[in-house]
Amino acid sequence: MTRSAATGDARADAMIPAVRLEHVVKRFGGEAARGRGAGTAEGAADSSAVVAVDDVSLEIGDGEFFSMLGPSGSGKTTTLRLIAGFESPTSGRVWLHGEDVTTRPPFERDVNTVFQDYALFPHMSVGDNVGYGLVIRKVPRAERLRRAGDALAMVRLSGYERRKPSQLSGGQRQRVALARALVNRPRVLLLDEPLGALDLKLREEMQLELKAIQQEVGITFIYVTHDQEEALTMSDRLAVFNRGRIEQLGSPAEIYERPATRFVAGFVGHSNLISGEAARTILGADGTFTVRPEKIHIRAPEAEPGPDEVGAAGHVREVVYLGPDTRYLVSLEAGPELVVTEQNLATSSMEALAAKGRAVQLTWKRQHNLPVAEG
Amino acid sequence: MTATSIHATHDERPPRSLPRRLAIWLFPRRRLQLGLLLATPLGWLVLVYLGSLFVLLLSAFWEKDTFTGNVEPFAWSLAAFESLINGEVYRTVAIRTIGIAALVTVTDALLAFPIAYYMARVASPRVRNALVIAVLMPLWAAYLVKVYAWRTILQGNGLLEWVLEPFGLGQPWQGLKELANTWLVLSYLWLPYMILPLYAGLERIPASLLEASADLGGRARTTFRRVILPLVFPALVAGSIFTFSLTLGDYITPDLVSDAKFIGNVIYDNSSLGSPPLAAAYSLVPITIMVVYLAVARRLGAFESL
């Protein structure tokens, strides 16, 4: 079954969304946060407050793997903390499974969090860390030990019960944090950049593992990350955050193939922007357009673009050899510089690097020009 | 070659002067460097501090001539210890001192925790800085000034009696006064020593641990008992070292605000006029207690929290 079909079914089944945010605003500090910003002094008062989340509304379906993607300070983590209950919104409402939980403390919400710094209790063993939530729920000891053991087995850490968190590696701590959250069988799991502190290899491994675990337990995952690749590979849907707002919400393919704004085009993947005079010269149209680097072909300078293609002349200014790919920076005669990536299917590094300074003709299909809003 | 060249045109290494050659010779000899650096302070510490402590220990075994009243050095005797063990008053004073020291420690811990918690976790940075200074301020004031201030509050017909009298509490207070005065004043004096380590300990607990506890279902009480208290416990023990040992060794406050004597008073009274060997022997009591106390504190990890 394809991903889009699976998501479609899941969304149709879930009459009530797992999480619903309704015009949520969160301001930090300043007078406005204390409710004194009304009236004429509004502008002045607002300048001292930081708006972390600015009127965010969204619905996350039951069983969905939902990512919140954005640069640091874009409001994604604050949004997650509003769902967990660590912050309360300045205005707006938070719903979990059809219940308004806006004013409910975190310990009364059926969600669990995997923290960015893991937040393992350093004075407790791994087993006690994982069993913490169960002790509070007064789960009988035998069942508690069994469930903690199962949770540790799921993250492949069986037999680590008696170790202290300080005796574990970063990846192992991350998995304990995951087991500690999952053992409570929450209906929604919140993950705050859980792989941020791991090295690349481990991160890629954990991405697959997390996705597998999510499919196994079937609960809603809300995943905060600033890594666009992570968001694209793992999510059913994702929201791209910028300056406290959602810029675009959709499936990974939608976001990548049809970025709605200039910001999304720039943040998710490498992207070339063509606007103003250059857009009129090359594309014969007004507005801002984006074209992905891998859609562009490098041809000999005298090559003619096909009937459904556009062409632009320029010269290669820089070549970066990346192993499987080579990235070319091409200065166009019409003005802008475009990034072009090509797979090194037949080219060697020597050949690729020799392209530097050469005059070229860039061509790409007209359909790959995507108009974006200035954002 | 142009004038702007940064390349040397001749050998520019500094001349090999004697101090320089010495420095080069010393460079790989790390231990010798350290030794030269620390010789003076270490010598001072060993000679003056440990030396006098050793003499104190020795003098506990010296004899006091009962007839002339002179102490005979190197005339060995266990007389001082005998009178300590047989004298009930010494036992009473020791128990009183230890009891008040424990009471002061518990009082300070209870008072300090909310203040330290507020400073570390609730207050804004500006309020926090103001509070740190406010806590430190009394430590910069002279000890005697503070105790005399308390004396005017606590003495007969003083402020406290004047406040208590209308409520009919004047009489009951009279009965408690002797011990309560020292307890009150010493608790006041040593409170900053408890607040500061507790504050440092609480500040070291990452906020995410408290959030994680709440996230896993823990209410404030559970979080306090299972997360905050175990993590801040070494800091609490570190603070208690101060409150306990300072109370144990104090003799001015008991002297000024009450008539109930402390170990320190007895030592002081005997050190010049009474029996110096007895004073020396008696001083071994708080020293022994503190050695045991510190050993236990070390096991509890308190020294990492100082």
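The values are calculated or read from the model by the stated rules, or taken from the named source; none is laboratory data. Everything quoted here is computed from the prediction, not taken from an experiment. Note that each Cβ is placed from the backbone with ideal geometry, even for glycine, and that neighbours are counted across all protein chains shown. Each accessible area value is taken on the protein alone, full model and side chains, heavy atoms only, with ligands, DNA and RNA left out. Shrake-Rupley method; radii C 1.70, N 1.55, O 1.52, S 1.80 Å.
Against the condition within 30 Å of A:Glu64 (Cα to Cα), free of Cβ contacts under 8 Å to residues at least 24 places away in the same chain and touching a helix residue (DSSP H, G or I) at 6+ places or on another chain (Cβ under 6 Å), how does A:Pro259 come out, does it pass?
Details: within 30 Å of A:Glu64 (Cα to Cα): yes; free of Cβ contacts under 8 Å to residues at least 24 places away in the same chain: no; touching a helix residue (DSSP H, G or I) at 6+ places or on another chain (Cβ under 6 Å): yes.
In short, no.
Six or more apart or on different chains, Cβ under 7 Å: which pairs go from a residue in region A:101-126 that's more than 7 Å from chain B (Cβ to nearest Cβ) and under 22 Å from A:Ala148 (Cβ atoms) to one that's open to solvent by 20 Å² or more (accessible area, probe 1.4 Å) and part of a loop (DSSP other than H, G, I, E, B)? Could you list them?
Taking only residues 6 or more apart or on different chains, the pairs are A:Asp110/A:Arg187; A:Ser125/A:Glu161; A:Ser125/A:Arg162; A:Ser125/A:Arg163; A:Ser125/A:Lys164; A:Val126/A:Tyr160; A:Val126/A:Glu161; A:Val126/A:Arg163.
State yes or no: is A:Asn129 in a strand (DSSP E or B), within 14 Å of chain B (Cβ to nearest Cβ) and touching a helix residue (DSSP H, G or I) at 6+ places or on another chain (Cβ under 9 Å)? Break it down into steps so the answer makes sense when it comes.
Numbers: in a strand (DSSP E or B): no; within 14 Å of chain B (Cβ to nearest Cβ): yes; touching a helix residue (DSSP H, G or I) at 6+ places or on another chain (Cβ under 9 Å): yes.
In short, no.
Might you check whether a residue that is open to solvent by less than 40 Å² (accessible area, probe 1.4 Å) and under 20 Å from the mean Cα position of the chain (by Cα) occurs anywhere in region B:81-97?
Within region B:81-97, the first condition is being open to solvent by less than 40 Å² (accessible area, probe 1.4 Å), and the residues that meet it are B:84, B:87, B:93-94, B:97.
Subset that is under 20 Å from the mean Cα position of the chain (by Cα): B:94, B:97.
Yes, that holds for at least one residue.
Just one of (1) under 22 Å from A:Gln214 (Cβ atoms); (2) under 26 Å from the mean Cα position of the chain (by Cα); (3) within 9 Å of another protein chain (Cβ to nearest Cβ) trips up A:Phe86, so point out which.
(1)
Identify all residues within region A:272-282 that are crowded, with 20+ Cβ neighbours inside 10 Å and in contact (Cβ under 8 Å) with a residue 40 or more places away in the chain; write none if there are none.
Kept after step one, since they are crowded, with 20+ Cβ neighbours inside 10 Å, are these residues of region A:272-282: A:272, A:274, A:279, A:282.
A:Asn272, A:Ile274, A:Ile282 - these are the residues of region A:272-282 that are crowded, with 20+ Cβ neighbours inside 10 Å and in contact (Cβ under 8 Å) with a residue 40 or more places away in the chain.
For region B:201-230, what are the residues that are facing another protein chain (nearest Cβ under 7 Å) and open to solvent by 10 Å² or more (accessible area, probe 1.4 Å)? It would help to see each step written out before you state the result.
Residues of region B:201-230 facing another protein chain (nearest Cβ under 7 Å): B:206, B:208-209, B:211-212, B:214-219, B:222, B:227, B:230.
Of everything in region B:201-230, those that are facing another protein chain (nearest Cβ under 7 Å) and open to solvent by 10 Å² or more (accessible area, probe 1.4 Å) turn out to be B:Pro206, B:Ser208, B:Glu211, B:Ala214, B:Gly217, B:Arg219, B:Thr222, B:Pro230.
Of everything in region B:255-285 that's in a helix (DSSP H, G or I) and of a type in the set (Gly, Ala, Ser), which residue is modelled with the lowest pLDDT? Quick ask: steps written out before the conclusion?
Start the filter on region B:255-285 by keeping residues that are in a helix (DSSP H, G or I), which leaves B:255-257, B:263-272, B:276-285.
Among the residues that remain, those that are also of a type in the set (Gly, Ala, Ser) are: B:264, B:271-272, B:279-281, B:283.
On the way: B:Gly264: 91, B:Ser271: 81, B:Ser272: 76, B:Ala279: 87, B:Ala280: 87, B:Ala281: 88, B:Ser283: 89.
Checking each candidate, the answer is B:Ser272.
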